[in-house]
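The values are calculated or read from the model by the stated rules, or taken from the named source; none is laboratory data. Small disclaimer: the values here were computed from a predicted structure and weren't measured. Cβ placement follows ideal geometry from the backbone for every residue including glycine, while neighbour counts extend to all protein chains displayed.
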Amino acid sequence: MSHIKKALERAKAERLKQSSGREPTAEQPEEPKEEAPLQEIDLCSATTCIVEVPRETLLNNRIAVIDETSLVSDQFKLLRTQIFQRTRPKKWNTIQISGFGDGEGKSLVAANLAISIAKDARQTTLLVDLDFRRPSLHHLLGIGSDVPGLKSYFLDGTPLEELLINPGIPKLSVLLAGGRVSRATEMLGSPKMEALIKELKERYEDRYVILDTPGISVCPDPVVISDYVDCILLVARQERTLQENIKTALDRIPREKVLGMVLNDVAPDMVGRYY
């Protein structure tokens, strides 16, 4: 068992101790109980599993916003400010991050943006990996591929509070995908997923929910999710994203929900035209 799984087990045991007033033991196994309704789930629980990811790991994985001296960090602060200006007046807080095809860096943008928002004095952030075909947030955040996530919530009934992770970054919670799912579109289109996103949106006024989804031209999954969210941020990659993919994508999603587009992987001397 990895050290992260052990940490999750300790967090679960602590929740059981707080709810029952005693330590769970081998002689006194936990009694089966029904899954808690969504409205009873506390996503800001003090017992959220904290996994201290080394700073070097995050930087090596291009999580640049943890370095306040980074030019890229400043660009994400600019993006964050623009998002606040467009979403706060409308009370929008669920943001879908999608690319147009493959390899455009949408997960990297989602992770950096989520951390940047969490650094704002007024906000907290929940970063959710909804790319069940090729999940990658666990790698970018240095958490590990064997840690359970939303796959366990949907297929095994694992309570959400047992899946929340904090990677050692204040005011940031993460819900991983927890592995690939063969019938991802059907799961994402289920009433349970719609209810989950609705609950995540309405539970905390100060929380932005960043949802990492596949490229719109790759599969129908992000189109399904677009019905549930407040707004969509699209990620293109210089010299990779095709114009026909952009046109196709914009025809598939509600245009009134599109906040804008991030142009990824530009040369340093072009940073003034980063967005």
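Candidates are the residues of segment 90-108 that are part of a loop (DSSP other than H, G, I, E, B) and of a type in the set (A, V, I, L, M, F, W, C); the one that is modelled with the lowest pLDDT is Phe100.
If I filter segment 109-121 for residues that are surrounded by 13 or more Cβ atoms within 10 Å (Cβ to Cβ) and modelled with pLDDT under 95, do I get at least one hit? Within segment 109-121 (the criterion being surrounded by 13 or more Cβ atoms within 10 Å (Cβ to Cβ) and modelled with pLDDT under 95), the answer is no, since none of the residues qualifies.
The condition of being at pLDDT 95 or above, out of contact with any Cys (no Cβ under 8 Å at 6 or more places or on another chain) and surrounded by fewer than 18 Cβ atoms within 10 Å (Cβ to Cβ) does not hold for Asp265.
For segment 51-68, the tally of residues that are at pLDDT below 90 and exposed (fewer than 14 other Cβ atoms within 10 Å of the Cβ) stands at 1. A single entry from Asp206, Asp212 fulfils the requirement of being within 19 Å of Asp129 (Cα to Cα) and in contact (Cβ under 8 Å) with a residue 40 or more places away in the chain: Asp212.
With respect to the conditions (1) closer than 22 Å to Thr241 by Cβ; (2) of a type in the set (Ser, Thr, Tyr); (3) assigned to a helix (DSSP H, G or I), Thr87 falls short on a single one, namely (1). Filtered by the rule that a residue be among the polar types (S, T, N, Q) and out of contact with any Lys or Arg (no Cβ under 7 Å at 6 or more places or on another chain), segment 66-100 gives Thr69, Ser70, Ser73, Gln75, Thr81, Gln82, Gln85, Thr87, Gln96.
The condition of being out of contact with any Lys or Arg (no Cβ under 8 Å at 6 or more places or on another chain) and within 14 Å of Thr94 (Cβ to Cβ) holds for only one of Tyr153, Tyr228, Tyr204, that being Tyr204.
Restricting the first member to segment 222-242 and to residues that are in a loop (DSSP other than H, G, I, E, B), and the second to residues that are among the hydroxyl-bearing types (Ser, Thr, Tyr), the beta-carbon pairs closer than 6 Å and six or more apart or on different chains are Val229/Thr94; Asp230/Thr94. Residues that are among the acidic types (Asp, Glu) and either touching a Ser or Thr at 6+ places or on another chain (Cβ under 9 Å) or farther than 25 Å from Ile66 by Cα (or both) within segment 160-207 comprise Glu161, Glu162, Glu186, Glu194, Glu199, Glu202, Asp206, listed in sequence order.
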